[in-house]
Structure formats: C-alpha cells, structure tokens
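Reviewing the structure listed below.
The values are calculated or read from the model by the stated rules, or taken from the named source; none is laboratory data. This is a predicted model, so every value here is computed, not measured. Cβ placement follows ideal geometry from the backbone for every residue including glycine, while neighbour counts extend to all protein chains displayed. To get the accessible areas, we keep the full protein, side chains included, count just its heavy atoms, and leave off ligands, DNA and RNA. Shrake-Rupley method; radii C 1.70, N 1.55, O 1.52, S 1.80 Å.
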Amino acid sequence: MTSTLTISRLTKSFGGVHALTDVSLTVTPGERVALLGHNGAGKSTLMKIILGLISPDSGEISVCGATPGDAEARERVAYLPENAAFHSALTGLEQITFYMRLRGVDLKGARDLLGRVGLGDAATRRLGTYSKGMRQRVGLAQALIGHPRLLVLDEPTSGLDPVSRRDFYELLDGLAAEGAAILLSSHALTEVEARTDRLLILSGGRMVAEGSLSDLRSEAALPVALHVTAINGYASELMEAFPNAIQTKEGLHLTCAQDDKLATLARISEMRGKVADLEVIPPSLEDIYSHFSRRDGQ
Amino acid sequence: MIARILATARIEANIARRNRWVLIAVLLMVVFSLVLSAAGSAPTGALGADRLSVVVASLTSLSVYLVPLVALLMSFDAIAGEVERGTLPLLLTYPVARWEVLAGKLLAHVAILIVALVAGYGSAALIAILNDAEAVAGLGALWRLTWTSVLLGATFLGIGYAVSALSRRASGAAGLAIGVWLGLVVLYDLGLLAAVVADDGGFFTTQVFPAALLANPADAFRLFNLSAAEASAAASGVAGAAGAIPQWQSLGSVVIWPFLALALAALTFRKVDA
Ligand SMILES: Nc1ncnc2c1ncn2[C@@H]1O[C@H](COP(=O)(O)OP(=O)(O)OP(=O)(O)O)[C@@H](O)[C@H]1O
Ligand SMILES: [Mg+2]
C-alpha cells in the first residue's frame, strides 16, 4: 500500500538550534503511529513542517502525494495543535460550524460531531467558559471534520480525563479502520503502546528508534529483573548460589540478559525447596523509552 | 472560495458583535452626527443651501476623523489577535487562502461600518428633513458622503490589517494604529498648513501641496466631498486652500486608496509566520 505520509532526510534548525536532523519516516493508510520524545525533541516542529506551517531546511516530504501546505494537502490533512486555542467569545457550535464551512462539509453534522467528543451539552456555551479538557475536545472535534486522510495530532490526550482518553483512542481506532493515517505525539507511554501500531522516538531532533513495542524491546536488549523470595532461613544459601544478586528485605533481586533468562530460571527452579516465590519483571516501558531517548545524550 | 469568505465574515461579525464593536461604532456615529446636526442647524439658509447640505458639510469634517478611527479600532486586532491567541496556525492548515481570510474579515468590518454610517448619517438626515422639507435637495450630497465614507473606511481597515500583521502583538498594533491615525488624519494636515504658511504662495503651495493632499486618503475624501458640495466654502482651511484641485483627481484618490491599502494588508499578512 502506498504511504500517506513520506518524509526523507528532513533537517530543520532555528538559528543555532538543531530542531530536526536527518529525520525519515512513513505512515501508511490505517496506521496509527506515535511520536515520542523528550521536551524539545522536535515533535511539534516535525508536525508543523508536515502541515506546511514551517518550511524545512532540507529533505523531502510528501503528504497524500502533495507538498505540505498545498491546497490539495490541506484538503486532506487535519491538525490538532499542541495548545488548541479558540476565540473565547464564540460558542463551541459556532467555532465548529465555521471550520466545517471552511472544509465545505454539510453543517447538519455539527451537533453530532460535538456529541462525539462529549460536548453535546456545552455546544451553545462560549468557549471562554470551557475547561482545558473541553477546549482540547473542541480541537479534537475540528480534526475529525470531513474524513481527513491524515491526522496530525500534537499531544491529543493532554488535559483529558482517563475516560475521555479511552474514548479518544476508540475514536482513533474507528478512523484508522476507515483508512485514515494517524500521527500523534504523546508523553503518556502506556496508552500509546496499547493503542498505536508503531512507535517513533525522537531525541535531540534525531530519530533514534522506530518499530512496535516488541521490536524496540528486543532492540534495546535491556536486562530482565528477577525477584526471588526465599523460604525462611534459606536466603543466605540463595545468595551463595547467585553472588551477583542484591539481598533485600523480602529476598533476592537479580538481573540477567534477555538471552540468559531461561537459563537463570532453570537454576532457580533447581533450588525449588528453598524458594517461596519468584517474580519476573520485564523492562518497563519507561526503561525502554529512556534507553533510546537518552542514547543521543540529552 | 465565496463560501469560505462568507464563513469568515460570519464568524468575524459574531466576534465583533460580542466584543461590542458594532454597538460602539454605531453609538459613536449616531451621537456625533446628532450633536453636529443640532449644532449645524442654526445658520441654515444663510449660505443659500438647504439644511441637509449644510449638515453633510459638517458630517464630512467629522467623518474625516471618525471613520478612520472606527476602522482602525475594528481592524488592529484582526491578525495580531489571531497570532497572540494562537488561533492562526490551525486556521492556516485549513483549505483557506490568506487573502480569503482577509477578505472575510473585510466584508464583516465593512458591513458593520455601513450599519454605523447609515445609522449616524441617517439620523442626522432624518432630523434635517423633518425640520425642513426643502432638505431633500441634499440627499445627493448625503449619498455621496455615504459611499465615500465606506471607501475611506475600507482604506483604513486595510491600513489597520497591515499594521496588525506588521506588529504581531495586539498591544503593539493598537499603539501603531493610534499613531497612524494621528499621523495621517491630524498631524499630516497640520504639517501641510504650516508648510503652506511658511512657503507663502511659492512652489510648495502651488505644486507640492495639491499632490500631498491627494496622496492622503483622508484629505482626498474631504476634498472630494467639499468640492462636490457648493455649500462648503466656509468648511475647512485645507480644502479652501486647495480649491483648485479638479474633482476627478480627488475622486481617483478616494477610489484607488482602498485597493492600495488592501494590497498592502495582503502583502504584510503573507509575511506573517504561523
Ligand atoms: N520558532 C522557533 N524558534 C526557535 N527555536 C524553536 C522554534 N520552535 C521550536 N524551536 C526549538 O526547536 C526544538 C524542538 O522544539 P519542539 O517544540 O519541536 O519540541 P517538542 O518535541 O514538541 O517538545 P514538547 O514535548 O515540549 O512539546 C526546541 O529546542 C525548541 O526550542
Ligand atoms: Mg511539542
């Protein structure tokens, strides 16, 4: 399948700040891709370039076959800015209706659209009276107008409560199922790993990792932690068997490489008479993320 | 294209209504027009003109100051406000061209201006005609004043958008707009008059001064309306001094200026980064 978004060797600097260096990526129809990275990694800059709001120093970008910012590209791409802002004197309904008119969409769906993001009741209230999360939802609603082929969402779940977050990802699933390509940035690792198809990690403006969580997990090859609880009085014997372990109040804490996991487990089970319990702790999402995000030294 | 311009105009009109700009513009025009027509009702007939023509002459002098002021007040926030609120980047990702955004805002602001002008001039005219049936003879002058006021307003709306795009902050734009108003409407004339007095009928007075009047949209507006109306001999020193300027020249300036100002606005808006 041809990709909706293709970026190759994109570079952008602001004066002396290298915001993006040699970034390449693709997003195909129906794919949900999450863009991760520390503050200042270049996520928002990348998105603004995709939308044609900023022009890159070098590199090629194709958005639905067009150049970013072209009329054709703008017809097909929806954007949710990092801090969605609206005129406080307007009502939610007026604002959404305005955006629908700009996209030449039938206005009958306006109320429905606000209902979909949970703003049905607040539709005729002024945006100035909305809470942060409610404004964010107006931002989401406008990004859903007119079946966009590509959605570029900059921290779409920031400010949303847990239930709204879940609803939001359900909305995304629906859009992706209809063939929309989705690129979203986030700092919330857990929700992103559960609800997207692929992760991209930017660090200091460079793409440092790309793939599904399990790809990244094996690429990072982080050690597995094992927590062994000794039957009363056997702790010291266990310590002798595993000299590298650290003794804690409840038992032993040891780590081993992914490849040694089974061998280590076998050795532990040989001592089964002395072990009360065993817990295997795989590297956490944060561990994997930090591994990549720090690799280029921030 | 039309749909997008109309959508923008609609939303701008809503914003202007909520921000009380419509009310302020209408009140300003009505109050000042009524004050003027009350003050101008005394010397009626003295110049052999009907009552309405006299009112139109004083309304012209008023509008030279008031119409640019109202236009600048409505327009200074147009782009700087969007930049400051952070609403511009999202808007620019929509399939709408920058000139369409500008055209939509212009349409809304011109419509508000027309409402204010009709309310102000209309109430003054109504009083004049009620007091003196002969005053209907001045309707032609009133009509001329009305459409030239709309053009003058459009010129200063365009200048206001350019100022707004240049300063990118609402507070800076407000200051700059006041500066433009003072400069073009007040100080410009004072400077010219001072120069004419110092020059005492020399090259400046005969050659530069008429051109300088035509170059300023507010002066051209005044010239056109006063030279068109015979009842205006007493009206203004500047206009009196430039009685020799043919009417087609001032008309040209009045008509060309809105296009110049709006082109300037479009150019400066193009330079604004999202
Ligand atoms: N207009 C600008 N002028 C100068 N520097 C800029 C500009 N925009 C971004 N930068 C710089 O580019 C780098 C990347 O910024 P960007 O906003 O893309 O980060 P981000 O990944 O979105 O961060 P966050 O997670 O905090 O949103 C930062 O160092 C930032 O200071
Ligand atoms: Mg950001």
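Helix B:139-167 versus the longest principal axis of chain B: what angle, 0 to 90°, nearest 10, using Cα atoms? Tilt relative to chain B: about 40 degrees. For B:Glu134 and A:Phe14, what is the calculated FRET efficiency with R₀ set at 60 Å and r taken between the beta-carbons, to the nearest 0.05? Taking R0 as 60 Å, the efficiency between B:Glu134 and A:Phe14 is 0.30. When all alpha-carbon pairs of the range A:224-279 are counted, what percent fall beyond 17 Å? That tail contains 24 percent of the Cα-Cα pairs. Going from the isolated chain to the complete set of protein chains, the range A:96-133 loses at least 20 Å² of heavy-atom accessible area (1.4 Å probe) at A:Phe98, A:Tyr99, A:Arg101, A:Leu102, A:Arg103, A:Arg126. Averaging the Cα positions of each part gives two centres, and for the range A:23-40 and the range B:130-182 these lie 50 Å apart. Buried surface for the A/B pair, taken as the accessible area of each chain alone minus that of the pair with a 1.4 Å probe, is close to 2300 Å² in total.
Shown for the range B:90-106: residues covered by the partner protein chains by 20 Å² or more of accessible area relative to the chain by itself (probe radius 1.4 Å), namely B:Leu90, B:Leu91, B:Leu92, B:Thr93, B:Tyr94, B:Pro95, B:Val96. For the range B:85-194, relative contact order (Cα pairs under 8 Å, six or more residues apart, normalised by length) works out to 22 percent. Entry comment: accessible area of chain A is 46 Å² per residue, from protein heavy atoms only and a probe of 1.4 Å. Tell me the angle of helix B:21-39 to the major Cα principal axis of chain B, expressed in degrees between 0 and 90 and rounded to the nearest ten. Roughly 10 degrees between the two axes.
How much of the accessible area of the range B:2-270, in percent, comes from carbon and sulfur atoms when a 1.4 Å probe is used? The partial results should precede the final answer.
Values: 7910 of 11080 Å².
C and S atoms contribute 71 percent here.
Amide H contacts for A:Val208 (H built 1.01 Å from N in the peptide plane; partners 5 or more residues away or on another chain; cut-off under 5 Å): A:Ile201, A:Leu202, A:Ser203.
What fraction, in whole percent, of alpha-carbon pairs in the protein assembly as shown exceed 33 Å separation? Tail fraction, whole percent: 58.
Whole-Hz Karplus values for the range A:204-220 come out as x, x, 10, 7, 9, 7, 7, x, 6, 4, 5, 4, 5, 4, 6, 5, 6 Hz, taken residue by residue from phi with 6.51 cos²θ - 1.76 cosθ + 1.60 and θ = phi - 60°; glycine and proline positions read x. Taking θ as phi - 60° and the Karplus parameters 6.51, -1.76 and 1.60, the scalar couplings of the range A:143-153 work out to 6, 8, 5, x, 6, x, 7, 9, 10, 10, 10 Hz in sequence order, x denoting glycine and proline. Per-residue Karplus couplings for the range A:114-120, computed as 6.51 cos²θ - 1.76 cosθ + 1.60 with θ equal to phi - 60°, are listed in order as 5, x, 4, 9, x, 10, x Hz, Gly and Pro entered as x. Compared with its chain on its own, the range A:61-86 contains the following residues whose accessible area drops by 10 Å² or more in the full protein assembly (probe 1.4 Å; ligands, DNA and RNA excluded): A:Arg74, A:Glu75, A:Tyr79, A:Pro81, A:Ala85, A:Phe86. For chain A, the longest principal axis of the alpha carbon atoms and the long axis of helix A:92-102 meet at an angle near 70°. Amide H to amide H, with H built 1.01 Å from N, A:Ala181 comes under 5 Å of A:Gly30, A:Leu150, A:Leu151, counting only residues 5 or more places away or on other chains. Need the C-alpha centroid separation for the range A:138-201 versus the range A:76-91, integer Å. Comparing the Cα centres of the range A:138-201 and the range A:76-91, I get a distance of 16 Å.
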